[in-house]
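One structure below.
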Amino acid sequence: MSSHQPLIKSLAAQVTPSKPLMNNDLLALLWLLGSVIYCLVIIHLLGPIRSNAYQQLLTEPRFMLEMLVGLTAIVLTSLVAFRHTVPGALSRPLKMAANIAVLFWIAMNVYGLVDPAMEPSTAGYRHYCVYETFIYALPPLLIAGLLAWRRLAFELTNTGFGLGLAAGMIPAWYMQIACMYAPEHMLKFHLLPAIAVAGLGALLLNYKGLLRFLKR
């Protein structure tokens, strides 16, 4: 063992200390805060929101509940996605809570097809909302992908899907206020693009795996 000591010391002398990674949850919340601010600002800049949306939040309890459940789903999904970037950081209870929140939010909108939270209306309809939801989610997704690549993510497909889902749900969620209220419209033109962004996130983060698949 003593004969190896000089080699070990020489190798140790060449090692430069690296900065510790930022806490996963803090990184997720900072990314989420920046993404929400970005989406809200750009949505307001590029078109007016539904004129009575904020009033409806105060007067329609189920609509308020839908928005709160959606926000909870976004926060939990963001935490899960960023914990995926470090092996062993994700706990089963947190992942289950995020899945339940997302499914509950979707289920509330599906139930709205039969019993809407409030009277459906075309007031505030944005003609290109399906494209807005998709396009607005791309910058947050790209930033999240860059952050994930700088960490130690092994489950690239799951990580990318989670990051894409979180990024896609942010504009989809606020479109409930900015665009017309109708559960069918929400499911088709807001949530479906969010799911498409999730799939895109899985492909972008695991592009090498995609290339291997295409070469088969």
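The values are calculated or read from the model by the stated rules, or taken from the named source; none is laboratory data. What you are looking at is a predicted structure, and each value in this text was computed from that prediction instead of being measured. Cβ placement follows ideal geometry from the backbone for every residue including glycine, while neighbour counts extend to all protein chains displayed. Just the protein is used for accessible areas: all its heavy atoms, side chains included, with ligands, DNA and RNA removed. Shrake-Rupley method; radii C 1.70, N 1.55, O 1.52, S 1.80 Å.
For the reader, a short list of remarks on this structure follows.
- Test: residue in the range 11-24 that is at pLDDT 95 or above, closer than 30 Å to residue 88 by Cβ and either touching a helix residue (DSSP H, G or I) at 6+ places or on another chain (Cβ under 6 Å) or β-branched (Val, Ile, Thr) (or both): no
- If only residues of the range 129-175 that are more than 12 Å from residue 203 (Cα to Cα) and small (Gly, Ala, Ser) are counted, the one that is most open to solvent (accessible area, probe 1.4 Å) is 153.
- Matching residues, the range 137-182, being in a loop (DSSP other than H, G, I, E, B), modelled with pLDDT under 90 and not aliphatic (A, V, I, L, M): 150, 151, 154, 155
- Selection count, the range 64-97, where residues are among the hydroxyl-bearing types (Ser, Thr, Tyr) and either over 30 Å from residue 112 (Cα atoms) or surrounded by fewer than 18 Cβ atoms within 10 Å (Cβ to Cβ) (or both): 3
- Here residue 47 clears all of (1) surrounded by 12 or more Cβ atoms within 10 Å (Cβ to Cβ); (2) of a type outside the set (D, E, K, R); (3) free of Cβ contacts under 8 Å to residues at least 60 places away in the same chain; (4) part of a loop (DSSP other than H, G, I, E, B) except the condition numbered (3).
- When each of 97, 123, 73, 89 is tested for being in contact (Cβ under 8 Å) with a residue 40 or more places away in the chain and in a helix (DSSP H, G or I), the lone residue that passes is 73.
- Filtering the range 101-120 to residues that are in a helix (DSSP H, G or I) and open to solvent by 100 Å² or more (accessible area, probe 1.4 Å) leaves 103, 104, 111.
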